[in-house]
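For reference, the structure is listed below as structure tokens.
The values are calculated or read from the model by the stated rules, or taken from the named source; none is laboratory data. Computed from a predicted structure; not experimentally measured. Cβ: placed from backbone, ideal geometry, glycine included. Neighbour counts: every protein chain shown.
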Amino acid sequence: MSSSDAHVVIIGAGHAGGTAAALLRQYGFAGPITLVGEEPIPPYQRPPLSKAWLKGEADADSLALKPLEFYAENNIDFRPNLKAVKLARSDKIVTLSDGATLTYDFLILATGARAIKLPVEGADLKGLLELRTAADAEALKATLGPGKRLAIVGGGYIGLEAAASARSLGAEAVVLERETRLLARVACETLSTFFQGRHEAHGVRFELGASVVGFEGRDGHVTGVKLADGRTIACDAALIGVGAAPNDEIAKDAGLDCARGIVVDLEARTSDPSIFAIGDVAHRPMPIYDRMFRMESVPNALEQAKQAASAITGRPAPAGETPWQWSDQYDLKLQIAGYAFDADEILLRGDPATGKFAIFHLKGDLVQSVEAINSPPEFMMGRQLIGARRPVNKAKLADTTVSMKEVAA
Ligand SMILES: Cc1cc2nc3c(=O)[nH]c(=O)nc-3n(C[C@H](O)[C@H](O)[C@H](O)COP(=O)(O)OP(=O)(O)OC[C@H]3O[C@@H](n4cnc5c(N)ncnc54)[C@H](O)[C@@H]3O)c2cc1C
């Protein structure tokens, strides 16, 4: 199929879908592109939603990946407010929520992930919020301000970022976490302790080992979070940030291979050669770790958009990238490269008390991942070391008098 007459349909107008549409044009794809999105606005960045946007430091225009005109100017048929509800692979047809159908030559599934709901009593009360979309962020922002009390269920990155934003707006914030430490699924204990201390210094309260069993309300609005130990934590609103699940239902129903997300190869191709899956919804290979998993990060969305657009336009697959992500809380910039799979040693470089340090996770003398706080060289060089799979001198790595350039040399 020549790229001039093929029709590419992209389902999901988020970071990955919007980027794939733009890259297809950048790579010279001349055929029709239809970009279908459930949300009312063109593709936008989600990271500011828990950070600058909540604090009123970003507006809708600064969130957008491209201005609305870009899509018409580039002959991309952007269709907002529409959901793909069915995929018939034998006929290459997608059915949309308004009953319309689209016939594709190539289909890109970029449907992202959705916030997991808590199946507990009172979960339908008003004032129970999640944070995934611009509309969610708007609703959350409206609940924050001096004297307001926000309960945050889940001590992960999004919950902690929301807590920091809430405090900077003068609201009270209490984080309720089931595990006995923050960030338990994604970070080591040193980092958990560090973040807890910084948040406490800013007035955030923590209830660790706290299992939420329900919500209390008055006149249909939440007034408190009920814990398994019998206590109720009073609040004016509660943000549920307990993780996300992939929007892979239409792929599953259509018989595509799925694991924890839609299974793809290094070209982002699914088990059906004319269908690609990219971004948060994809369960993808990561050769440096010799395993497959699903990632929720902007760099991953961008990399996979590149993979799919390259495959469709006949370009060679882009070189593999070392995964990375970031989180901003107060004056702390956390940059994370890699994943600590199979790590057998944790090495600290710098002193957490200074607010500037890095934690390296090693497997033997290979760096698996690095968590760098306000330490860009550690992040950048650490990322290089992870990608290169080159043994590192641990004594030098732990010694802050040796530059990261020298460590990585
Ligand atoms: C609050 C927040 C903060 C974040 N902060 C960071 C950060 O600091 N750093 C970082 O790297 N990452 C961060 N992330 C993660 C990052 O935003 C995601 O990894 C990225 O948006 C994934 O892009 P995506 O296109 O796969 O999914 P999304 O951007 O979620 O887009 C998917 C789109 O598909 C639509 N959709 C779903 N199903 C259908 C359907 N059937 N039909 C039509 N449309 C559909 C959805 O409505 C959505 O608009 C953050 C995420 C959130 C929510």
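Overview of results
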item: Residues satisfying the stated conditions in the range 341-359, i.e. surrounded by 17 or more Cβ atoms within 10 Å (Cβ to Cβ) and small (Gly, Ala, Ser); result: ALA343, GLY350, ALA358
item: Strands (runs of 3 or more DSSP E) lying entirely in the range 56-137 (those with 1 or more residues that are out of contact with any helix residue (DSSP H, G or I) (no Cβ under 7 Å at 6 or more places or on another chain) and not hydrophobic (A, V, I, L, M, F, W, C)); result: 76-79, 93-96, 101-103, 113-115
item: Criterion: farther than 30 Å from ALA52 by Cα and of a type in the set (A, V, I, L, M) - qualifying residue of ALA259, ALA237, ALA301; result: ALA259
item: Residue list for the range 154-175, restricted to those being surrounded by fewer than 24 Cβ atoms within 10 Å (Cβ to Cβ) and outside any helix (DSSP H, G or I); result: GLY156, LEU169, GLY170, ALA171, GLU172, VAL174
item: Residue satisfying all of: in the range 18-46; more than 20 Å from the chain's Cα centre (by Cα) and of a type in the set (S, T, N, Q); farthest from the ligand (Cβ to nearest atom) among these; result: GLN26
item: Yes/no for LYS148 being touching a residue at least 12 places away in the same chain (Cβ under 8 Å), surrounded by fewer than 20 Cβ atoms within 10 Å (Cβ to Cβ) and touching a strand residue (DSSP E or B) at 6+ places or on another chain (Cβ under 6 Å); result: no
item: Criterion: farther than 29 Å from GLY12 by Cβ and not assigned by TED's automatic domain parsing to the domain that holds LEU63 - qualifying residue of GLU172, GLU161; result: GLU172
item: Subset of the range 252-261 that is over 25 Å from GLY387 (Cβ atoms) and aliphatic (A, V, I, L, M) - its residue that is nearest to the ligand (Cβ to nearest atom); result: ALA254
item: Residue in the range 68-76 that is farther than 26 Å from SER165 by Cβ, surrounded by 20 or more Cβ atoms within 10 Å (Cβ to Cβ) and within 10 Å of the ligand (Cβ to nearest atom) present; result: no
item: All positions within the range 236-251 that are within 12 Å of the ligand (Cβ to nearest atom) and in contact (Cβ under 8 Å) with a residue 40 or more places away in the chain; result: LEU239, GLY241, GLY243, ALA244, ALA245, PRO246, ASN247, ASP248, ILE250, ALA251
item: Inter-residue pairs, beta-carbon under 7 Å, first assigned to a loop (DSSP other than H, G, I, E, B) and in the range 14-27, second not hydroxyl-bearing (Ser, Thr, Tyr), 6+ apart; result: GLY14/PRO43; GLY14/ALA110; GLY14/GLY112; GLY14/GLY279; TYR27/ALA309; TYR27/ARG315
item: Tally, over the range 77-87, of residues that are of a type outside the set (D, E, K, R) and more than 9 Å from the ligand (Cβ to nearest atom); result: 4
item: In the range 47-86, the residues that are within 17 Å of the chain's Cα centre (by Cα) and aromatic (Phe, Trp, Tyr); result: TRP53
item: Among (1) more than 9 Å from the ligand (Cβ to nearest atom); (2) at negative phi - the single one HIS15 does not satisfy; result: (1)
item: Residue check for SER90: at pLDDT 95 or above and away from the ligand (no atom under 15 Å from the Cβ); result: yes
item: Residue list for the range 50-87, restricted to those being at pLDDT 95 or above, out of contact with any Ser or Thr (no Cβ under 6 Å at 6 or more places or on another chain) and not aliphatic (A, V, I, L, M); result: LYS66, PRO67, GLU69, PHE70, TYR71, GLU73, ASN74, ASN75, PHE78, ARG79, PRO80, ASN81
item: So ILE386, is it farther than 19 Å from ASP328 by Cβ, assigned to a helix (DSSP H, G or I), in contact with a strand residue (DSSP E or B) (Cβ under 8 Å, 6 or more places away or on another chain) and of a type outside the set (Ser, Thr, Tyr); result: yes
item: Members of the range 42-55 that are closer than 18 Å to ALA142 by Cβ and assigned to a loop (DSSP other than H, G, I, E, B); result: LYS51, ALA52, TRP53, LEU54, LYS55
item: Of all residues in the range 272-317 being among the charged types (D, E, K, R) and in a strand (DSSP E or B), the one that is farthest from the ligand (Cβ to nearest atom); result: ARG291
item: LEU35 being farther than 13 Å from TYR71 by Cβ, among the hydrophobic types (A, V, I, L, M, F, W, C) and touching a helix residue (DSSP H, G or I) at 6+ places or on another chain (Cβ under 6 Å); result: no
item: Among (1) under 30 Å from ILE108 (Cα atoms); (2) surrounded by 14 or more Cβ atoms within 10 Å (Cβ to Cβ); (3) of a type outside the set (D, E, K, R), the one test that LEU366 misses; result: (1)
item: Test: ALA237 is modelled with pLDDT of 95 or more, surrounded by 15 or more Cβ atoms within 10 Å (Cβ to Cβ), assigned by TED's automatic domain parsing to the domain that holds THR19 and not charged (D, E, K, R); result: no
